[in-house]
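The structure appears below as structure tokens.
The values are calculated or read from the model by the stated rules, or taken from the named source; none is laboratory data. Please read all numbers here as calculations on a predicted model, not as lab measurements. Cβ sites come from the backbone with ideal geometry, for glycine too, and all protein chains shown count toward neighbours. Areas reflect the complete protein model, heavy atoms only, side chains present, ligands, DNA and RNA absent. Shrake-Rupley method; radii C 1.70, N 1.55, O 1.52, S 1.80 Å.
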Amino acid sequence: MNQWEVFVNDVKELAEDTDLELTIRTLNPGLHKFTYKRVKCQVSTNLKKHVDQLQVRLGRGQLSNNRFSIQVLDEVQRMPAKYL
Amino acid sequence: MAAPRSNREFIEACIKSGDAVRIKQEVDWENEAGAIVRRACELAAPAPFMERIKDYPGFSYFGAPLSTYRRMAISLGMDPAASLPEIGKEYLKRTNGEPVPPVLVDKKDAPCKENILKGADVDLCKLPVPLVHEGDGGRYVGTWHAVVTKHPVRGDVNWGMYRQMMFDSRTMSGAVFPFSDLGKALNDYYLPRGESCPFATAIGLSPLAAMAACAPSPIPEPDLVGMLAGEPARLVKCETNDLEVPADAEIILEGEICPDYKVEEGPFGEYTGYRTSPREFRVTFRVNCITFRNNATMTISNMGVPQDEGQLLRSFSLGLELEKLLKSQGIPVTGVYMHPRSTHHMMIVGVKPTYSGIAQQIAQLAFGSKLGPWFHMVMVVDDKTDIYNWDEVYHAFCTRCHPANGIHVYKNTTGTPLYPFATPHERKYSIGSKVLFDCLWPVDWDPVNDVPTLVSFKNVYPQAIQDKVLANWTAYGYPPVK
Ligand SMILES: Cc1cc2nc3c(=O)[nH]c(=O)nc-3n(C[C@H](O)[C@H](O)[C@H](O)COP(=O)(O)O)c2cc1C
């Protein structure tokens, strides 16, 4: 199970059971904790629906009470190839 | 006492004078180190030198480097007990002299080259990048550092302290505002051409190099460091670009600023004491090489409520740079001061009110200068008011500033996204507004019949009576006044 976190201005941005593109950061312990990835994913308020878990922070860093489970479908590479 | 030439010499000097403590127990990079620095700032306590960091053997942290005037005095090689006006006078003396250009040293004489990571080895997570505050948008690599760039046409070098968040192992995102020197170079040259801008971030600088990087001075920062230190700064060539960086810095990140790609930055605890500026797509830095000293020390400034470097040092240099500007225009200012507790939002200017409109002239110069986006209040008091004494300034404000004639509001100026009072729209577009509090008696008032007399011990009694009362004070039965 992986732990992820996302920043949104409004929890409504996290529509359930539809493909979303989000910038999420890993909360897994270790040196890479808090590094980001851009991903295609689906989220659900049913915490059992997906294995990975997602917690949410709002605009100024406040932790939201809303919790989700998340399935990362794909990694999205936004960065132009010349920088990779 | 000589000015410390490196962060290491500075730590030693601070430990010796009791202005830093060695923390030997292991400290977590996630929140704990940040919390220690924050509490030290809020208590004006000695700076924490954290010698062991969880997950990062061989690295250390030094926090709150210049969050007290004592440490500022030490950084200038002065007596730690020097008063603020003395420190200010010294800063003005040194920075009004001739520029002292840096010297280039050989790689073998540059401690920052002791370890070099390139190619697939580059990973910012190999450095103990702290999570400074719970809820921040990321771990911040650059909180007390210099981002080094060079203007591609003019060739002038810029060192600026622009916060940098780690986005992933090789990418950082930073708050480089369009009115900053780097922001101007990007908008002027690199972005329109789609060219990437070489940069180097130097972390763990000598305190005077850090002071120069956040000083709003027109003097190129490497020369300014030399002027402040009284000897040339030692620079060394980067590994992967043409830039030169402080040879004694603890950590150097080299790379390019992407003109065509942005990632999210923030939110982050800020110098105003709030997390205000919205998470935004900001200037994006791609790291191609990391070099660092053995046993490197990462420096941390923790922004929040007063007082940290954001308020103390920036108030100091913004005030003194404004004083230089106003004097260069021949305005008879007696001094300029920002109380750090104003989070460098209020400039207090003392002036001899020799002609009408002088307060407006001061405000227009101040707000219209390069310093202007960083404060929104100018309060002008006369030359008899002690600008360092808030009780006197506040008294002048509450009694002399005419509510209809003395308060002047300027709308639609340059602002920053960091102003807590600004509307969300203003923050998004850096729209500011400013106010002048003119606390001068109008020059068209008859000084004898119209200007009120200040009723104070010092002002209304003859000198002979004052001397007598002072000489007899304890004889009257009062305890001595310290
Ligand atoms: C600890 C600290 C952090 C700062 N962070 C930023 C920042 O993120 N962005 C910014 O534009 N200025 C920041 N500043 C202020 C700049 O360092 C300052 O404006 C400096 O003069 C920048 O140089 P420039 O305006 O000549 O480019 C910071 C200052 C301090 C002391």
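Things to note:
- Whole-Å distance, taken between Cα centres, linking segment B:143-220 and segment B:1-65: 25 Å
- Calculated FRET efficiency for the pair residue B:470/residue B:382, C-beta based, R₀ 35 Å, to 0.05: 0.90
- Cα gyration tensor category, rounded, prolate or oblate, for segment B:200-337 with a/c compared to 1.5: oblate
- Each peptide in B:294-304, A:32-42 gets a packing score, the mean of other Cβ atoms within 10 Å over its residues, and the list from highest to lowest is B:294-304, A:32-42.
- Residues B:444, B:79 ordered from highest to lowest accessible area at a 1.4 Å probe: B:444, B:79.
- Remark on segment B:118-250: Rg and Dmax equal 14.9, 42 Å (Cα only).
- Spherically averaged projected area of the protein assembly as shown from its Cα convex hull (nm²): 30.5 nm²
- Packing-based ranking, highest mean first, of A:43-54, B:330-341 given that Cβ atoms within 10 Å are counted: B:330-341, A:43-54
- Each chain gives up part of its surface: B and A jointly bury about 2300 Å² of accessible area, both sides summed, for a 1.4 Å probe.
- Between residue B:12 and residue B:405, the simple spin-label model (points 7 angstrom out along Cα→Cβ) gives 6.2 nm.
- The alpha-carbon atoms of segment B:329-458, seen along their principal axes, cover 51, 28, 27 angstrom, with the largest extent given first.
- Taking every residue in B:161-168 and counting other chain Cβ atoms within 10 Å of its Cβ, the average works out to 3.
- Shielding by partners - mean other protein chain Cβ count within 10 Å, residues of B:372-383: 0
- Other protein chain Cβ atoms within 10 Å, averaged over every residue that makes up A:25-34: 5
- Here the dipole of segment B:7-300 is about 200 debye; that uses its Cα centre as origin and unit charges on the Cβ of Lys and Arg (positive) and Asp and Glu (negative).
- Total charge dipole magnitude, the protein assembly as shown, about the Cα centre, Cβ charges on Lys, Arg, Asp, Glu only, Debye to nearest 20: 380 debye
- Grouping the Cα pair distances of segment B:7-300 into 10 Å bins from zero gives a pair-distance distribution of 7, 29, 38, 23, 4, 0 percent in increasing distance order.
- For the protein assembly as shown, with +1 on Lys and Arg beta carbons and -1 on Asp and Glu, the positive-most of B:307, B:235, B:211 along the dipole: B:307
- Chain B, accessible surface, carbon-and-sulfur percent (1.4 angstrom probe): 54 percent
- Rg/Rh for segment B:14-166, where both radii come from Cα atoms and Rh is the Kirkwood radius: 1.00
- DSSP-defined beta bridges in the protein assembly as shown - what % are antiparallel, rounded to 5: 75 percent
- Dipole check for chain A: with +1 at the C-beta of Lys and Arg, -1 at the C-beta of Asp and Glu, and the Cα centre as origin, the magnitude is about 320 Debye.
- Label-point separation, residue B:32 to residue B:457 (7 Å along Cα→Cβ), nm: 5.1 nm
- Mean accessible surface per residue for the protein assembly as shown, computed with a 1.4 Å probe while every protein chain stays in place, in Å²: 43 Å²
- A helix-only calculation puts the protein assembly as shown at -6500 deg cm²/dmol for mean residue ellipticity at 222 nm, using -39500 (n - 2.57) for each DSSP H run of at least four residues, averaged over all residues.
- Amide N of segment B:213-230 lying under 19 Å from the label point, which is placed 7 angstrom from the Cα of residue B:92 along Cα→Cβ: B:215-219, B:227-229
- Selection among A:44, A:69, A:28 by position relative to the dipole of segment A:3-77 gives A:28 as farthest towards the positive end (Cβ unit charges, Cα centre).
- Euclidean distance between Cα centres, segment B:292-323 to segment B:422-446, Å: 26 Å
- For segment B:212-295: relative contact order, % (alpha-carbon pairs under 8 angstrom, 6 or more apart): 25 percent
- Three-way shape label, chain A, alpha-carbon gyration tensor, a/c 1.5: rounded
- When peptides B:456-469, B:129-142, B:204-217, B:30-43 are sorted by average Cβ neighbour count within 10 Å, with the highest value leading, the order is B:204-217, B:129-142, B:30-43, B:456-469.
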